[in-house]
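Starting off with a structure, shown below.
FYI, it's all coordinate maths here, none of it is from the lab. None of the values given here were measured: they were computed from a predicted structure. No Cβ is skipped: glycine too gets one built from the backbone with ideal geometry, and neighbour counts run over all protein chains shown.
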Amino acid sequence: MLLGLVLAEVCVRVGLGLFGDGYHAAEVEAEVANLVREMGASEVDDIDGADAAPNDDEHAFPHPYFGYETNIGFGAIDEQYAILRSERYRALPLSQRPYVVLIVGGSVAQIFGGRGRGGVERLRTLLLADPAARQAIGGRELWFMNQGRPAFKEPQQLMLVAYLLNLGFEPEVVVNIDGFNEAAFGVQNADYGVHPAHPSAHHAGHLDASGRGGLVERELALSAWDLARRARRFYARAQGLGLFRSSLTGLFVRTRVRLMRAAWSSANQAHAEHLRTLAEPGSKGPRFTADDDEVSSIVVDSWERASRSLAALCEAHGAAYLHVLQPTLFDLGSKPLTAGEEAFLETTPDTEPAARGVRLVYPRLRERGAHLAAEGFAFLDASLVFEQTEDELYYDFCHFVRAGNDILAEAIAPALAAELARAR
């Protein structure tokens, strides 16, 4: 059997050499990795190993105030709420309580705020090295409360912060990192006939408690997500077992992932078609005109109003507020692209909602953010923060590796230090 496998391996390699350019393990593995990324399986964690986080079991469920919640997000609130309500904590004078930095936004904020991801670790170092920030913190223990959620978009962050403040949380500052989800999922919602300011229908439609989509929608959504998760796990196993070193097993893995990618595409298409045909108007939001200009205006207006409301809400509760516009690979010209990043862009047509949304909305977000800053709001345009970085940072269309989180932290630190000093 072993001899047969060796002969088969030799024959395959010789055949590929005669009728093609041979078998290249690195190229096959890179293609498989890109196929997995295209399926959105890496929305929360980096599949490349070093930055991986054990979020395979993250799942969503309906929430009465901000559309949906995840078990990971709920667990963080539950754990911190128990501390907040404890007699020991309440007995502490303010000077001895932790200095809390609350981070909200989508999955980019969630990754930035996660342990071992570089973002808040680098931010902590920079803040404690800044005299103004250190004076504002006043020797208290610096805590980062990570409340980013996959696919969250305004006004979900506004609702989440209002909910946390109502529970009794007392952050010293709220950092809101957003922009991509508003652009991508706002436009995608419009394609589905759902109002652009609603939570992402792609992520939350099947959770609607009104029964709008019913079991059909739930099964369609879960089918696509299950395929993406299976593909990621299969790729990780193949990588761990070294299957790409052999042409036999490497080509088998590629073929199987290609089939899973095709099935995922079909499941996504079926889900999108079903969302478009839903008859219940109330759950889709108010009527709107679904042309690009109108949709873009709704997205940008919602984003700006939510930021203004967040700033006012924070001020009413004695907290500082910093709004950060995040970078994204689809914002062409915002970073010198590596071969890997270019390859990923080539697999995503400009007509897809995420790419189209960024192209339509991001110039307006930058312009509106500049107006906010001119009015005195603490706004940081970090959309071009990778403009001088030639290293490969992105592992999909909006998420980046630890080095990217570090660069983002270095941009946020001075703006946040200035806001802490002003608030003090």
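Step through the residues of the range 84-98 one at a time and calculate ³J(HN,Hα) from phi using the Karplus curve (6.51 cos²θ - 1.76 cosθ + 1.60, θ = phi - 60°), rounding each to whole Hz and writing x for Gly and Pro.
4, 8, 6, 4, 4, 5, 5, 7, 6, x, 3, 5, 9, 7, x
Return the FRET efficiency for the residue pair ARG115, GLN269: r is the Cβ-Cβ distance, R0 is 51 Å, and the value is rounded to the nearest 0.05.
0.85
Whole number please: convex hull volume per residue, Cα atoms of the range 298-396, in Å³.
110 Å³
Please list 163-176, 382-395, 87-100 highest first by mean number of surrounding beta-carbon atoms within 10 Å per residue.
The packing order, highest mean first, is 163-176, 382-395, 87-100.
With θ set to phi - 60°, apply the Karplus curve 6.51 cos²θ - 1.76 cosθ + 1.60 along the range 183-198 and write out the HN-Hα couplings as whole Hz, x wherever there is a Gly or Pro.
5, 5, 7, x, 5, 5, 3, 4, 4, 8, x, 9, 4, x, 7, 6
If the chain between GLU315 and LEU94 were fully stretched, how many nm would it gain, using 0.36 nm times the residue separation less the Cα-Cα distance?
Extra length from GLU315 to LEU94 when fully extended: 77.7 nm.
Can you give the extra length, in nm with one decimal, that the chain gains between LEU167 and ASP301 once fully stretched, where that is 0.36 nm per residue apart less the Cα-Cα distance?
Length difference between fully extended and current span is 45.4 nm.
What is the distance in Å between the Cα centres of the range 109-186 and the range 309-345?
13 Å
Further question on the same structure: Using every Cα-Cα pair within the range 371-416, state what percent have a distance larger than 15 Å.
The share of Cα pairs beyond 15 Å in the range 371-416 comes to 50 percent.
Also: Taking the Cβ of each residue in SER302, SER307, SER223 as the centre, tally the other Cβ atoms inside 10 Å and list the residues starting with the fewest.
SER223, SER302, SER307
Out of residues 5 or more away from ALA320 or on other chains, whose amide H comes under 5 Å of its own, with H placed 1.01 Å from N in the peptide plane?
Distant-sequence amide H within range of ALA320: VAL173, VAL174.
Take each of the peptides 154-160, 412-418, 332-338, average the number of other beta-carbon atoms within 10 Å over its residues, and list them starting from the highest.
154-160, 412-418, 332-338
Whole-Hz ³J(HN,Hα) for each residue in the range 242-250, computed from phi via Karplus 6.51 cos²θ - 1.76 cosθ + 1.60 with θ = phi - 60°, x for glycine and proline: what do you get?
My calculation for the range 242-250 gives x, 5, 6, 5, 9, 5, 4, 6, x Hz in order.
Length gain on complete extension for the stretch ARG245 to THR338, per 0.36 nm per residue less the alpha carbon to alpha carbon distance?
Taking 0.36 nm per residue and subtracting the Cα distance, the gain is 31.0 nm.
Are there any trypsin sites (Lys or Arg not before Pro) in the range 276-351 that are in a DSSP loop and have at most 10 other Cβ atoms within 10 Å? List them by number.
For trypsin sites (Lys or Arg not before Pro) across the range 276-351 that sit outside H, G, I, E and B with at most 10 neighbouring Cβ atoms in 10 Å, the list reads ARG287.
Additional query: If a paramagnetic tag sat 7 Å from the Cα of ILE83 along the Cα-Cβ line, which residues of the range 99-143 would have the backbone N under 11 Å from that point?
Only 99-101, 141-143 pass the distance filter.
On average over all directions, what projected area in square nanometres does the range 239-367 have, based on the convex hull of its Cα atoms?
With the hull built on Cα positions only, its mean projection is 13.2 nm².
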